[in-house]
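Shown next, in structure tokens, is the structure this report addresses.
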Amino acid sequence: MDMTSQVLVMTVGTGDPEQQEETLFKPMRESIKKGEWKQVILLPSKMTEANASRLKTSLPNSFDIFSLPGYGDEDDVDRCYQHFVGVLRELVRKNGAPHIVCDFTRGTKAMSAALLMAAIRCGAVHARYVTGEREGPTVKPGAEIIHDVRLATAMVEWALSAAESMLNGRAPSAAMKLLEMPGIKDPPVPDETSGRRALLLHFARMLTAWNQFDYRRAIQLARESPGTTSPELLNHLEMCRVPQDSDQWDKLDCMGKSQVLEHLIADMIENARRCCESDGYEDALLRLYRATELIGQARLFREGLDSGNLNSSHPAVRELIQDNKKPLQPNDKGVYQAARLDAARLLTRCDNLDSRYLGEMLKKEDDAAKSMHKRNLSVLNHGYQAQAPQDQQDWEAMFQRIEGLFRQLCEDADVKLNTARFPNPPA
């Protein structure tokens, strides 16, 4: 461990009152001399403030003293921890965690334990303690041995616990970033911890890619770690990826395309739910809008109609082209296409009763299509203000309506929605 230009943090105790120079000050000076410190931080209790001041005046180093605030705090682990965390956070902010060394030798056991916990919490993984042959409760003067250690395993274990909580909270990107931090990803740790670290990082990367609709990357990561992904989930991801591969997509007939879109609809709805859970309401609104659009497209595929290139000779399409109130218009290339509401209008003109019913549901002013109209006014689209509702009851009602539309399209909609939910972290 390179001690140049680092910060040494030391708890301050009493030593042997009859041999204070030999049992307290000399060992502390020896610890300070082992390294080139730009700053030494002393952490005494109210009872040992005078000892810290005496040490400060005896050495040329730059010293700062941060005493525990109350009498008796030195025997309270929680109070010590709160105080030490506050000191260490500021030091980490100014110097960076790798440049801080915590010497927890002196003070009460509560102070030593609290400093170690605070160091782990703040990412300061370099620690130091003094040991040697003892005379009673203290090390024999002149027999001190300074040990520099890393708190890597404890730090990584803490990060793994935090990452698991993030993954359970469906925040894979946060878990991935935590596990990719150099102080977490790189330190050598026992095999079991190392294996767990690699497994969770791989899992977090897979979920992050999936959450970003990067199905190709998600599939690759899932295949590299088969124990973390069920066959049903892998199939779901592969189906969602099909429209991103034009060659594979173009080979499908209309029914095949409809079946693929069912998976993408389920994925879009569950992705919207995750956006809501992280307060990304405008993002969720866009995803639900897309889900309703895909529902109409998927049903049209069952009617043999491609909403991106409609067959103008189809009776329903011909009827919509001839509509007196709002006729369907071709684009500049002469191709007829159906966006969300035109898809609904087409479905109401189809012979199939299920298609007609779904088209009517999509058109109703009090169903999801009405709510989705807010998407056009969103600050993320054409407007200047957030349009998504903030009330959880409004959101749940919206999800229920759109999931109801999905159930009208797909008999096993609930199975697909369940598959599209993030799985729990691997055990």
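Since only Val317, Ala163, Thr105 are under comparison, the one whose Cα sits farthest along the positive direction of the charge dipole of the chain, derived from C-beta charges on Lys, Arg, Asp and Glu, is Val317.
In summary, the lysines within cross-link reach of Lys325, defined as a Cα separation below 18 angstrom excluding same-chain residues under 8 places away, comprise Lys363, Lys364.
Calculated mean residue ellipticity at 222 nm for the chain: -16500 deg cm²/dmol, from DSSP H runs with n ≥ 4 weighted as -39500 (n - 2.57), summed, divided by the residue count and rounded to 500. Taking every Cα-Cα distance in segment 84-128 and sorting them into 5 Å bins from zero, the calculated P(r) comes out as 5, 27, 36, 22, 8, 2 percent. The residues neighbouring Ala343, those whose beta-carbon lies less than 9 Å from its own, together hold a net charge of +1 under the Lys/Arg +1, Asp/Glu -1 convention. Each peptide in 268-276, 302-310 gets a packing score, the mean of other Cβ atoms within 10 Å over its residues, and the list from highest to lowest is 268-276, 302-310. Taking amide H positions as modeled 1.01 Å from N, with prolines and chain starts lacking one, the residues under 5 Å from Gln387 and 5 or more places away or on another chain are Val379. For the chain, the longest principal axis of the alpha carbon atoms and the long axis of helix 191-211 meet at an angle near 30°. Each of the peptides 104-114, 412-422 was scored by the mean count of other Cβ atoms within 10 Å over its residues; in descending order, highest first, they stand as 104-114, 412-422.
If you restrict to DSSP beta bridges whose two residues both lie in the chain, what percentage is antiparallel, to the nearest 5? Don't skip to the end; give the middle numbers.
Details: 9 of 28 bridges.
For the chain, the DSSP antiparallel bridge percentage is about 30.
Helix 215-224 and the long axis of the chain differ in direction by around 50°, with both axes built from C-alpha atoms. Other residues whose C-beta falls under 12 angstrom from the C-beta of Gln390 contribute a net charge of -4, scoring Lys and Arg +1 and Asp and Glu -1. Site pair Ser225 and Ala198 shows an inter-label distance of 1.1 nm when each label is modelled 7 Å from Cα along Cα→Cβ.
Give the shape of segment 20-120 as rounded, prolate or oblate, defined through the alpha-carbon gyration tensor: a ≥ b ≥ c are the square roots of its eigenvalues, a/c under 1.5 means rounded, and otherwise the shape is prolate if a/b is larger than b/c and oblate if not. All intermediate terms of the calculation are to be shown ahead of the outcome.
Numbers: a/c = 1.66, a/b = 1.09, b/c = 1.53.
The shape class here is oblate.
For a test of the definition: using alpha carbon positions, the gyration tensor, and the 1.5 limit on a/c, classify the chain as rounded, prolate or oblate. Prolate is the answer for the chain, as a/c is 1.5 or above and a/b outweighs b/c. Positive end of the charge dipole of the chain (Lys, Arg +1 and Asp, Glu -1 on Cβ, about the Cα centre): tell me which of Gly72, Pro27, Ala174 has its Cα farthest that way. Most positive-ward Cα: Ala174. The equivalent ellipsoid that matches the C-alpha gyration tensor of segment 155-206 spans semi-axes of 17, 10, 10 angstrom, in descending order. Using only Cα coordinates, the Kirkwood hydrodynamic radius of segment 230-419 works out to 17.2 Å.
The phi-based Karplus calculation (6.51 cos²θ - 1.76 cosθ + 1.60; θ = phi - 60°) puts the 3J(HN,Hα) values of segment 148-155 at 9, 9, 10, 9, 4, 4, 4, 5 Hz, whole numbers, x for Gly and Pro.
Proximity of backbone amide H atoms, modeled 1.01 Å from N, is registered between Arg128 and Cys102, Asp103, Phe104, Val149 at under 5 Å, excluding neighbours fewer than 5 places apart on the same chain. Glu224 sits among other residues whose Cβ lies under 14 Å from its own Cβ, and their net charge, with Lys and Arg +1 and Asp and Glu -1, is +4.
Please report the relative contact order for segment 59-186, taking Cα pairs under 8 Å with a sequence separation of at least 6, and give it as a percent rounded to a whole number.
That works out to 18 percent.
In straight-distance terms, cross-link reach from Lys326 covers every one of the aspartates and glutamates whose alpha-carbon lies under 12 Å from its own, apart from those fewer than eight places away in the same chain; here that gives Asp342.
Taking amide H as placed 1.01 Å from N in the peptide plane, the amide H of Asp306 sits under 5 Å from that of Asn311, each at least 5 places away or on another chain.
Couplings 3J(HN,Hα) for segment 380-391, derived from phi with the Karplus relation 6.51 cos²θ - 1.76 cosθ + 1.60 (θ = phi - 60°), are 7, 10, 10, x, 10, 9, 5, 10, 5, x, 9, 6 Hz, where x marks Gly and Pro. Computed from Cα positions, the angle between helix 353-363 and the longest principal axis of the chain comes to roughly 60 degrees.
Ordered by packing density, taken as the mean number of other Cβ atoms within 10 Å over each peptide's residues, highest first, how do 324-331, 82-89 rank?
Details: 324-331: 9.6, 82-89: 18.9.
Packing order, densest peptide first, comes out as 82-89, 324-331.
A short reminder: the numbers here are calculations on the coordinates, not readings from a lab. Predicted model, so just to flag it, every value in this text is computed and none were measured. Note: ideal-geometry Cβ built from the backbone for every residue, glycine included; neighbour counts use all protein chains shown.
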